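The values are calculated or read from the model by the stated rules, or taken from the named source; none is laboratory data. Just so you know, these numbers come straight off a predicted model, no measurement behind them. Counting neighbours? That spans all protein chains shown, and the Cβs are built from the backbone with ideal geometry, glycine included. When the accessible area is computed, the model is the full protein with side chains, heavy atoms only, and any ligands, DNA or RNA have been set aside. Shrake-Rupley method; radii C 1.70, N 1.55, O 1.52, S 1.80 Å.
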Amino acid sequence: GTLTQNSDIRYKIIHKDLELGLQTMAEAPCFEYHFNEDENMTANIGTSAQYWQVVDGVTRVNEDGRLGMDYSSLGVVMAISLAKELSKFESETDRRIRLLEEENAKLRKEINELKTV
C-alpha cells in the first residue's frame, strides 16, 4: 500500500497530546446519508463535522464555506484513544482479579484452619 507522507516525528512540532474520552466517542453521531444536491442519492456513511469541531485538526472550512472532515486523522485519534481506554479497563480488571484471588486465598486458609480444629 501507499505510505502516508510526512508521518516522521523528526519533522513535526508537537502542539499537544490528544486523547478523546470514551463518552465523546460514544456520543458521536454516525449515520447513512446522501448529499442534498446528489440526484442519484448515493449512500454514504459518516458523522457530523459540527460535532467534531472540538477536536483541532479534524475539521476545516472548505472553499465553499462548508465544513469538511479529515476522516483518516479522526480514525487514528479514535483508535488510539480507544486502545488507551481499553488498557485502563484491563488494568482495573487485573487489579480486581488480584484482590479477589487474595481474598479467596485468605478464605481458603481460614477454612483449612477450621477443618484442623
(message) For the structure I just gave you, tell me whether Tyr71 is open to solvent by less than 70 Å² (accessible area, probe 1.4 Å) and of a type in the set (Phe, Trp, Tyr).
(response) no
(message) Please list, ordered by residue number, the strands (runs of 3 or more DSSP E) wholly in region 26-98 having 1 or more residues that are closer than 22 Å to His15 by Cβ.
(response) 59-61, 67-69
(request) Six or more apart or on different chains, Cβ under 7 Å: which pairs go from a residue in region 18-44 that's among the small types (Gly, Ala, Ser) to one that's open to solvent by 100 Å² or more (accessible area, probe 1.4 Å)? Could you list them? (result) Ala43/Glu32
(request) Check whether at least one residue in region 15-28 is hydrophobic (A, V, I, L, M, F, W, C) and more than 17 Å from the chain's Cα centre (by Cα), and report yes or no. (result) no
(request) Considering only region 1-50, state which residues are open to solvent by less than 70 Å² (accessible area, probe 1.4 Å), of a type outside the set (Ser, Thr, Tyr) and under 25 Å from Ser87 (Cα atoms). (result) Leu20, Gly21, Met25, Ala28, Pro29
(message) For region 74-117, give me each residue that is modelled with pLDDT under 90 and of a type in the set (Ser, Thr, Tyr).
(response) Ser87, Ser91, Thr93, Thr116
